[in-house]
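Asker: The structure that follows is given in the form of structure tokens.
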Amino acid sequence: MTTSSETRDLVVVTGASTGMGAATARELAHRGFHVLAGVRRDSDGAALRSAHIEPVILDITDPDHVAALAARVTRDPRPLRALVNNAGVAGAGPIEATPLSAWRHIFEVNLFGHVAVTQALLPALVRSKGRVVNISSLNGKVSMAGYGPYAASKFALEAMSDALRNELAPHGVRVVVVEPGGVRTEMSRTGLTALSRLDAAMTPELNARYGDLMSAIPSHVAAFTKAGVTAEVAAKKIARAVTDGRPRTRYVIGATAAFLIRASRVLPDRVFDRMTTSDLRKHYPAGARGRTTAAHTG
Ligand SMILES: NC(=O)c1ccc[n+]([C@@H]2O[C@H](COP(=O)([O-])OP(=O)(O)OC[C@H]3O[C@@H](n4cnc5c(N)ncnc54)[C@H](OP(=O)(O)O)[C@@H]3O)[C@@H](O)[C@H]2O)c1
């Protein structure tokens with residue numbers, strides 16, 4: 001691969017201000033690409049900018065931003081090698097207690113935003129026989145109490161990716177899904193801020209039903225994230241999804257994710273439910289544990 005700035009192939013990474021997106025932008029620049037790194041604030045762009053990382057202002061739910069990105073790619077003579085759809089928001093909370101506006105926001109970012117950017121960049125990707133890399137999650141394959149809205153958005157992203165892979169195969173564009181387990185990034189913090197807002201808005205009736213679950217989620221997320229990998233480790237795997245000559249359809253990040261995805265395939269639903277429930281139960285307030293067991297194993 002060439003290394004002069006003018007001849008490097010292009011890669012787009014969305015959600016590059018922090019976490020895996022920032023680490024992936026750096027990893028791909030290191031591997032010889034010119035990275036168009038999507039950020040929502042000038043200050044994040046300034047922190048990221050380097051010889052081979054060019055920040056672009058990109059809220060993936062803003063059609064003007066998406067159109068500007070497509071125009072930026074089109075007027076560049078260099079081929080677009082890959083689009084990494086990485087931007088994402090957390091979405092923990094019980095199904096019943098999560099307002100529809102929050103559901104819609106999660107899907108706007110975690111699904112429709114990626115569809116919009118993919119549609120806008122596909123003409124360039126088809127020309128270059130490039131690649132779409134969708135950052136899904138362990139929760140794109142496994143759903144459990146307290147994580148329904150996020151998991152639903154990632155399951156939908158997986159379904160979209162499977163269809164897209166088959167639609168684009170005849171046109172030489174590969175579609176790859178990356179499924180991380182716990183990764184130590186900003187997401188646990190921003191997710192908990194959203195969860196506190198949800199908690200504060202819960203009615204006494206919802207509190208009676210889900211109060212114990214709501215108090216378990218922060219500790220469960222913290223334990224899961226602490227046991228996870230760094231953004232840099234995840235970025236190396238994402239970079240492989242971008243550069244492997246014959247990429248797999250899916251790359252899983254982390255042993256826990258690999259184990260849970262496999263277990264969810266082979267175990268009957270109720271056995272798998274008991275496994276995820278007992279893991280969550282460790283984080284319930286002490287007095288709630290008996291109730292939870294009864295509720296989930298009946
Ligand atoms: N961390 C984990 O354990 C984990 C596990 C599995 C999958 N994932 C997935 O990995 C991806 C990266 O997450 P991360 O863990 O690196 O979290 P992160 O540090 O919170 O990064 C999320 C990125 O998405 C951006 N973003 C949010 N809304 C956006 C929008 N409307 N338009 C454009 N960008 C937007 C954020 O930008 P701002 O800074 O401007 O908000 C940020 O750059 C996500 O898709 C996430 O679902 C994470």
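The values are calculated or read from the model by the stated rules, or taken from the named source; none is laboratory data. Computed from a predicted model, the values in this text were never measured in an experiment. When we count neighbours, we look across all protein chains shown, and the Cβ atoms used for this are built from the backbone with ideal geometry, even at glycine. These area figures cover heavy atoms from the full protein model, side chains too; ligands, DNA and RNA do not enter into them. Shrake-Rupley method; radii C 1.70, N 1.55, O 1.52, S 1.80 Å.
Asker: Among the residues of region 56-71, write down those that are free of Cβ contacts under 8 Å to residues at least 40 places away in the same chain and more than 11 Å from the ligand (Cβ to nearest atom).
Answerer: 64, 68, 71
Asker: Return a yes/no flag: does region 43-50 have any residue that is in contact (Cβ under 8 Å) with a residue 12 or more places away in the chain, more than 12 Å from the ligand (Cβ to nearest atom) and either part of a strand (DSSP E or B) or within 22 Å of residue 150 (Cα to Cα) (or both).
Answerer: For region 43-50, residues in contact (Cβ under 8 Å) with a residue 12 or more places away in the chain, more than 12 Å from the ligand (Cβ to nearest atom) and either part of a strand (DSSP E or B) or within 22 Å of residue 150 (Cα to Cα) (or both): present.
Asker: Residue by residue through region 98-113, note down the ones that are more than 20 Å from residue 145 (Cβ to Cβ), open to solvent by less than 40 Å² (accessible area, probe 1.4 Å) and more than 9 Å from the ligand (Cβ to nearest atom).
Answerer: Across region 98-113, the qualifying residue is only 111.
Asker: Only one of 87, 145 is assigned to a loop (DSSP other than H, G, I, E, B) and buried (at least 24 other Cβ atoms within 10 Å of the Cβ). Can you tell me which? Full working, then the answer.
Answerer: On the way: 145 fails: buried (at least 24 other Cβ atoms within 10 Å of the Cβ).
Answer to the selection: 87.
Asker: Right, next: Please enumerate the residues belonging to region 14-42 that are more than 12 Å from the ligand (Cβ to nearest atom) and either part of a loop (DSSP other than H, G, I, E, B) or buried (at least 23 other Cβ atoms within 10 Å of the Cβ) (or both).
Answerer: Residues satisfying the conditions are 27, 28, 31, 32, 33, 35, 36.
Asker: Restrict the check to region 82-89 and report whether at least one residue is in contact (Cβ under 8 Å) with a residue 60 or more places away in the chain, more than 10 Å from the ligand (Cβ to nearest atom) and either closer than 12 Å to residue 14 by Cβ or not assigned by TED's automatic domain parsing to the domain that holds residue 203 (or both).
Answerer: Keep residues of region 82-89 that are in contact (Cβ under 8 Å) with a residue 60 or more places away in the chain, which gives 82-89.
Now narrow it down to the ones that are more than 10 Å from the ligand (Cβ to nearest atom): 82-83.
Within this subset, residues satisfying the condition of being either closer than 12 Å to residue 14 by Cβ or not assigned by TED's automatic domain parsing to the domain that holds residue 203 (or both) are 82-83.
The answer is yes; a qualifying residue exists.
Asker: Could you check how many residues of region 251-266 are open to solvent by 50 Å² or more (accessible area, probe 1.4 Å) and closer than 22 Å to residue 225 by Cβ?
Answerer: 4
Asker: Consider residue 163 against the criteria (1) away from the ligand (no atom under 16 Å from the Cβ); (2) outside any helix (DSSP H, G or I): it satisfies all of them except one. Which criterion is unmet?
Answerer: (2)
Asker: Search region 185-211 for residues being open to solvent by 40 Å² or more (accessible area, probe 1.4 Å) and in contact with a helix residue (DSSP H, G or I) (Cβ under 6 Å, 6 or more places away or on another chain), and hand back the single one that is farthest from the ligand (Cβ to nearest atom).
Answerer: My answer is 199.
Asker: Farther than 26 Å from residue 96 by Cα and in contact with a Lys or Arg (Cβ under 7 Å, 6 or more places away or on another chain) - does that describe any residue in region 180-202?
Answerer: Checked against the condition, which is being farther than 26 Å from residue 96 by Cα and in contact with a Lys or Arg (Cβ under 7 Å, 6 or more places away or on another chain), region 180-202 yields no hits at all.
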